[in-house]
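> Just passing along the structure, written as structure tokens.
Where a number appears in this text, it was derived from the coordinates with a stated rule and is not lab data. What you see is a predicted model, and the numbers here were worked out from it, not measured in a lab. Using ideal geometry, Cβ is built from the backbone for each residue, glycine included, and neighbour counts are taken over all protein chains shown.
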Amino acid sequence: MSNWRWFDPAVDTEETAKAKRKRYARIYHPDIVRDDGLTMQQINDEMAALVLYLNTPIPIPVQVAGGTTNPHSYWAAVVGSARVNINGGRMPQTGQPAAQPPRARAAGVAPPSPFPGQGASAPPNYTTAQTYAPPPPPSAAPPPRTRRASARVPRGTNIAALEQQDYEQALLQPLNAQNLRVFNRVGIIWQDRDRYGAPVVVNDIRVGTYRLQIRVAGVVQEEFPLTRSWKQERQNAIAHAKANYL
């Protein structure tokens, strides 16, 4: 059974084998496949075995004219065959010249295996262009995840009233290291006054569902969910408050 995988001794010459090896190198180079060069080592070993096979003369069998009974003719043919196999060349058959046998593999005779113990497999076909189906359209982007705190409040609690109380207390707090006024679940991010003197505030809610609020005179006018892009969302809320409530 033949174990040739990358080359075909019945078809390949040294030139075609070199061309195949270049194609294989573009595909199985260790920098591409990252298998520590195992595949390219197998390809190089098999190519070396192919070159050796193509350059090793095929032993010429003893050729004796059919039906001869002369022992001297038989042994003369044996000696002539040995000389040809050692020196390379043509050996005339007893009684008539013999044609040089072709280098190609005889029908039904498999070439020697370069790697004993490996199973036979067909070499990859790189001559025919393969067609592929177009890639599927990209899936829609998932909705932004809303940050939620893990703290739980008792059932029936008026969350809006608690947030209002924390907001009023946060207004009285000094600025912290992040330039924020924070009390419990509310953090004052930015504040100013409109043309009538009413305070315009952008604050975030830090317990329960994380979100941004715009308040005018303490009353919530708009809310925006907070996601992982909270820094940009804070800036957007401040710009929105300046453009619409001052």
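> If r is the Cβ-Cβ distance from residue 184 to residue 140 and R0 is 35 Å, what FRET efficiency results, to the nearest 0.05?
According to the calculation, E is roughly 0.40.
> Just tell me which lysines come within less than 28 Å, Cα to Cα, of residue 231; anything on the same chain fewer than 8 places away is out.
242
> Here is a further query. Compare the Cα positions of 207, 230, 245 along the charge dipole of the stretch 159-245 (+1 at Cβ of Lys, Arg; -1 at Cβ of Asp, Glu; about the Cα centre) and return the one farthest towards the positive end.
230
> Could you list 56, 209 so that the one with the fewest beta carbons within 10 Å of its beta carbon is first and the one with the most is last?
Least to most surrounded, the residues fall as 56, 209.
> Can I ask one more? I'd like to compare 32-45, 192-205: which one has the highest average count of other Cβ atoms within 10 Å, and what's the full order after that?
Peptide ranking by packing, descending: 192-205, 32-45.
> Amide H to amide H under 5 Å from residue 211: which residues, 5+ apart in sequence or cross-chain, H placed 1.01 Å off N in plane?
Residues meeting the criterion, in which the H sits 1.01 Å from N, are 205, 226.
> Report Rg/Rh for the stretch 159-245, rounded to two decimals, where Rg is the Cα radius of gyration and Rh the Kirkwood radius.
In the stretch 159-245, Rg relative to Rh is 0.93.
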